[in-house]
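One structure is given below, encoded as structure tokens.
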Amino acid sequence: MTVHTLRFEKDTYPVEAEDHDGLHIVLAGFGRRRLAPTLPAPGWRDEIVAETGHRLIEGAFVERERADVQSLLSDVPDEATAFVDWYQALQQHGPGQGDPLFPWLADHAPLTAMRWFVEQEAAGEAGFDDLVALTQVKLPTTAKLELARNYWDEMGRGNPRGMHGPMLDALVRALKLRPRPEITVWQSLALGNLMTALAANRRYVFQSIGALGAIEMTAPDRAQCVAKGLARLGLDKASCHYFDLHAVLDRKHSADWNQEVIHSLVTMDSALARPIAEGALMRLIAGARCYERYREEFNLEIG
């Protein structure tokens with residue numbers, strides 16, 4: 001098997017997708033370093049060279065993901081109301097929807113399986129709040145305001161105890177988990193890498209909007225199943241709050257997002273329907289890959 005590479009100084013970066021584990025561990029590390037607050041250092045020129053190599057790899061990954069959804073876009077309408085109808089139908093008929101993994105987590109999964117599942121999800125979590133913040137830069141007013149409202153909810157409306165990110169951290173601590181890329185399946189890392197890439201590169205901003213909206217639209221039923229499973233296994237309500245909250249709040253977020261962000265943008269420019277649709281399908285397919293891999297881990301068969 002031949003894997004093409006780019007070389008920058010002492011590091012070698014995989015470009016092709018044959019080595020999924022290596023590719024996505026590299027991109028996960030790049031994502032963390034790229035967004036982490038830091039200070040100027042004498043080696044900043046070398047950092048820019050290395051970042052360029054990683055961004056080329058990231059771009060190739062995203063373009064492969066884009067290519068994989070093109071056959072699903074033939075019937076995408078470009079009139080705003082019709083497009084929102086098409087988009088909302090993904091909640092019922094999109095890739096990964098109704099996956100049997102989640103009823104099993106709700107009603108049957110043992111604690112060991114639930115711990116593994118949460119660890120995978122936490123390791124692949126890109127941080128919805130940061131993704132929204134990156135995506136909203138320079139958007140038109142109506143869309144920008146809705147992303148701002150969404151971000152404020154993610155931030156607990158100014159209350160640290162209501163911030164969504166720390167709620168997931170609390171569950172990780174309650175389950176005594178240590179999420180890290182080296183023990184995470186590549187499908188979960190790929191999902192986080194995709195979301196980071198879409199939000200961090202302005203050429204993919206409308207794909208990011210489609211992908212983030214797809215999360216809000218499809219997450220509540222899955223979150224409800226996970227919350228039910230955690231409660232069944234004896235986790236206290238505080239530890240379950242992350243999934244309990246998203247089972248409810250994301251339904252309102254989705255309705256507002258579809259109208260104020262997606263409808264307004266496609267009304268403004270019908271050419272935006274296709275990249276928004278691309279982003280939604282890319283995110284749903286990446287999620288479906290995760291669910292399939294998780295079911296394989298648990299020896300679940302679709303019957």
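Here is how the numbers come out for the structure above:
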{"quantity": "Residue list for region 50-77, restricted to those being touching a residue at least 60 places away in the same chain (Cβ under 8 Å) and among the acidic types (Asp, Glu)", "calculated": "GLU58, GLU65, ASP68"}
{"quantity": "Flag for GLU154 being crowded, with 17+ Cβ neighbours inside 10 Å, in the same structural domain as LEU284 (by TED's automatic domain parsing) and among the acidic types (Asp, Glu)", "calculated": "yes"}
{"quantity": "Where a residue in region 159-171 is without any contact (Cβ under 8 Å) to a residue 40 or more places away in the chain and surrounded by fewer than 17 Cβ atoms within 10 Å (Cβ to Cβ) and its partner, wherever it lies, is part of a helix (DSSP H, G or I) and not charged (D, E, K, R), with Cβ under 7 Å and at least six apart", "calculated": "GLY162/GLY156"}
{"quantity": "So PHE117, is it surrounded by 19 or more Cβ atoms within 10 Å (Cβ to Cβ), modelled with pLDDT of 95 or more and among the aromatic types (Phe, Trp, Tyr)", "calculated": "yes"}
{"quantity": "Unmet requirement for LEU139, which otherwise passes all of (1) surrounded by fewer than 20 Cβ atoms within 10 Å (Cβ to Cβ); (2) in a helix (DSSP H, G or I)", "calculated": "(2)"}
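Listed here are the residues, each with its yes/no results for (1) in the same structural domain as ALA214 (by TED's automatic domain parsing); (2) within 20 Å of SER208 (Cα to Cα).
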residue: ALA50; (1), (2): no, no
residue: GLU58; (1), (2): no, yes
residue: VAL62; (1), (2): no, yes
residue: GLY94; (1), (2): yes, yes
residue: TRP116; (1), (2): yes, no
residue: GLN120; (1), (2): yes, no
residue: GLY124; (1), (2): yes, yes
residue: ALA133; (1), (2): yes, yes
residue: ASN159; (1), (2): yes, no
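The values are calculated or read from the model by the stated rules, or taken from the named source; none is laboratory data. What you are looking at is a predicted structure, and each value in this text was computed from that prediction instead of being measured. Neighbour counts run over all protein chains shown; Cβ positions are idealised from the backbone, glycine included.
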